[in-house]
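First up is the structure itself, then whatever we jot down about it.
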Amino acid sequence: MNNVFDAEGLDHGVIIVGAGVSGIYQLYRLREAGIDATVIEAGSGPGGTWYWNRYPGARFDSESYSYGYSFSDELLQEWSWSEHFAGQPETQKYLNYVVDKFDLRRDMQFNCRVSAARFDEAECRWIVCLEDGRELTCRILLTAIGMLSAATMPRIEGVQDFEGEAFHTYYWPREPVDLAGKRVAVIGTGATGVQVISEIADKVKSLTVYQRRPNWCAPLHNSPIDDVTQAKIKASFEQIFAKCRSTPGGFLHGPDPRSFNEVSPRDRQALWEELYASPGFGVWIGNFREVLMQEGPNAEYSTFIADKIRKRVKDPETAEKLIPQDHGFGTRRVPLETRYYEAYNRDNVELVDVTETPIERITSGGIRTSEGERLFDLIVYATGFDAITGAFDRIDITGVGGRKLRDKWDDGPVTYLGLQVSEFPNLMILAGPQGGSVSTNFPRGIEEAVDWLTDLIIHMRDTGSDRVEPQPDAEHMWAEHVKDAYRYSLFQTARSWFTGYNSNVPGRDRMRYLIYNGGSPRYRKWLADVADDGYRGFDITG
Ligand code: NA7
């Protein structure tokens, strides 16, 4: 039988776009299966998210040892994380270490950006166009382009006029930025803004934070990993990953098994105090399930957190501005922080609420609000991303009969299992909309998606099939299932990138069902059942 991935007219069996956490592991698995693959990466090195986001304070909110790859015992034993929640430089180093350990760099092409890709029906292959003018052909096009990789600048007049330094956090320069003695503005108070603000408050001359809608933040409680703990971690990876597999989010934290109503108010407070004092995401996802599903319990917990903020911020007026009014705790992504609220107790830090005094424009010297102009040396745009679908929209992807992915997803994405799209045969998606990895501790979800897709690719090779495409009915069923899962979560009550909103991108002012909220154990079962049932819902032909 001919190898469908090694045929005439193909430069590669598989082209993987992106050398981040997913692209690295996908290349490893295909190499192991003996399938020719190459990685195309826009950056000058591997790392994806952890290559680009070099802003001060960038770090994990997942426990480091729950975030690393699980596929190699040797790697797990060799690598020692220095902190419970490692910073970006260490993560970038780790991903480079993995790439070199498994000799993956030789199949990665850096400094190349994919501008377009079109499906060639006659040859059943993808033609991938690079910005440098090259065209490469492959049987399978596999996108590993990240869910938060299309950074968005605010739509504020004058952004180009500013004469000082200005960076979006995603594009923070590689060279060190000297902050000492500088007047700095930060626009945006999402997970990124919160990390930057906490980190730089005591390093700059003055810091002015432009906040539109506050988020509910909670302490990260990071600390170094000592030798005894390190040894314990290395002896218990089996349990660590088993725990991650058992929780809805793939984290080391899962919901409290008790029901909110069966626990007395006093005992609820006791649990909440414990969660607030504990490291990591337990404060968000280690709670009673009802807190993220029902308005009443959510309001009670939000009041508990609001009181914590009031205790930590000395100026009562500032404290009130930092307490969200438009959404309950945990219904948007909870930024984990280190002395974030205390930053506002410093004399050199000021909070500007742009709902009270809107930004009118960026000037050559600074920022002008309805109250007047302030001058800055540096403006930091922590204004987020065109999440999940934005990275796809930047590539002109054309499927069968000239169909554009952009157009197909205009009203909101549709996929089957978050992994494939009908009318786009042989396009496989990692970390795209409606898949299991986006709503989980990322590498945990990603390893499962990569393993599953690799098995599908091996199946195609072994059966001599050169084409795979989901059936429209299966896709429709999945879209409804994804939508349905939102009904059970309070996420749908808040505007955020979880629900597809972004005020800086035209058309992103309505709810889109981007994320699979059914939990990672259920998603895993879907994947297993579909494969066991002969890849139910996919047409595999050739
Ligand atoms: P987010 O969470 O989308 O936050 C972006 C922030 O920028 C948020 O506070 C926005 O306010 C603010 N923003 C955006 N545009 C404007 C304008 N025009 N004016 C004022 N403020 C603005 O992105 P992050 O980078 O912080 O985090 C992304 C994810 O990365 C995070 O969830 C982690 O998973 C890692 P808004 O809330 O829209 O009023």
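Every number here is computed from the coordinates shown, using simple stated rules; none is lab data. Computed from a predicted structure; not experimentally measured. With ideal geometry, Cβ positions are generated from the backbone for all residues, glycine too; neighbour counts draw on all protein chains shown.
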One checks the Cα atoms of the stretch 479-542 and finds Rg and Dmax, in Å, of 15.4, 45
Per 10 angstrom bin, beginning at 0 and ending with the bin that holds the maximum distance, the Cα pairs of the chain fall in percents of 3, 18, 28, 27, 17, 6, 1, 0
In terms of the alpha carbon gyration tensor, root eigenvalues a ≥ b ≥ c, rounded if a/c is under 1.5 and otherwise prolate when a/b exceeds b/c or oblate, the stretch 1-158 is oblate
Here the stretch 370-384 yields Karplus 3J(HN,Hα) values (6.51, -1.76, 1.60; θ = phi - 60°; whole Hz; Gly and Pro given as x) of 4, 8, x, 9, 10, 9, 9, 8, 9, 10, 9, 9, 9, 9, x
Relative contact order of the stretch 216-348 (C-alpha contacts under 8 Å, at least 6 apart) in percent is 34 percent
For the Glu238, Asn3 Cβ pair and Förster radius 45 Å, calculated FRET efficiency rounded to 0.05 is 0.80
Rounded to whole angstroms and listed largest first, the alpha-carbon spread of the stretch 274-329 along its three principal axes comes to 33, 25, 13
The simple spin-label model distance between Arg361 and Ser115, using points 7 Å out along Cα→Cβ, in nm, is 3.3 nm
In nm², the average projected area of the convex hull spanned by the Cα atoms of the stretch 125-281 is 17.5 nm²
Taking Cα atoms, the helix 265-276 axis meets the longest principal axis of the chain at an angle in degrees (rounded to 10) of 70 degrees
Protection proxy (average C-beta count within 10 Å per residue), highest first, orders 70-81, 418-429, 373-384 as 418-429, 373-384, 70-81
Given backbone amide H placed at 1.01 Å from N, residues whose amide H is under 5 Å from that of Arg125, ignoring those fewer than 5 places away on the same chain, are Asp120
Quick note, the stretch 264-410: a/c under 1.5 would make it rounded; otherwise a/b > b/c is prolate and the rest oblate (a ≥ b ≥ c, C-alpha gyration tensor); here it is oblate
If each part is reduced to its alpha-carbon centroid, the stretch 199-245 and the stretch 1-66 end up apart, in Å, by 26 Å
Ordering 302-308, 13-19 by per-residue average of other C-beta atoms within 10 angstrom, highest first, gives 13-19, 302-308
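Using the Cβ atoms and a cut-off under 13 Å, what net charge is assigned to the surroundings of Val482, where Lys and Arg are +1 and Asp and Glu are -1?
Net local charge, Val482 excluded: +1.
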Hits in the stretch 318-358: amide N under 18 Å from the 7 Å Cα→Cβ extension of Glu83, namely 335-343
A correct Kirkwood calculation over the Cα atoms of the stretch 202-355 returns a hydrodynamic radius in Å of 17.3 Å
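Mean residue ellipticity at 222 nm from the helices of the chain, using -39,500 (n - 2.57) per DSSP H segment of n ≥ 4 over the full residue count, to the nearest 500 deg cm²/dmol?
Rounded to the nearest 500, the figure is -9000 deg cm²/dmol.
Explain nothing, just the number: relative contact order of the stretch 168-218, from Cα pairs under 8 Å at least 6 residues apart, as a whole percent.
Once normalised by length, the contact order is 42 percent.
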Under 5 Å from the placed amide H of Phe85, counting only residues 5+ away or on other chains, we find Ser64, Ser223
re the stretch 430-542: pairs of Cα atoms spaced beyond 24 Å account for a percent value of 33 percent
PRE zone check, label point 7 Å out along Cα-to-Cβ of Asp226, amide N under 20 Å, scope the stretch 56-98, hits 64-65, 80-86
Taking Cα pairs closer than 8 Å and at least 6 residues apart, the relative contact order of the stretch 148-237 in percent is 23 percent
For the stretch 149-235, listing GluC sites (Glu not before Pro) in a DSSP loop whose Cβ sees at most 10 other Cβ atoms within 10 Å gives Glu163
So, over other residues within a Cβ distance under 14 Å of Arg266, counting Lys, Arg +1 and Asp, Glu -1, the net charge is -3
Between Arg339 and Val400, Cβ-based FRET efficiency (R0 51 Å, step 0.05) works out to 0.40
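In terms of the Cα gyration tensor, with a ≥ b ≥ c the square roots of its eigenvalues, is the stretch 96-182 rounded because a/c is under 1.5, prolate because a/b exceeds b/c, or oblate? Mind dumping the intermediate values first?
Numbers: a/c = 3.18, a/b = 1.67, b/c = 1.90.
Oblate, since a/c reaches 1.5 and b/c is not below a/b.
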Two pseudo-spin positions, 7 Å from Cα along C-beta at Glu350 and at Thr303, lie apart in nanometres by 3.5 nm
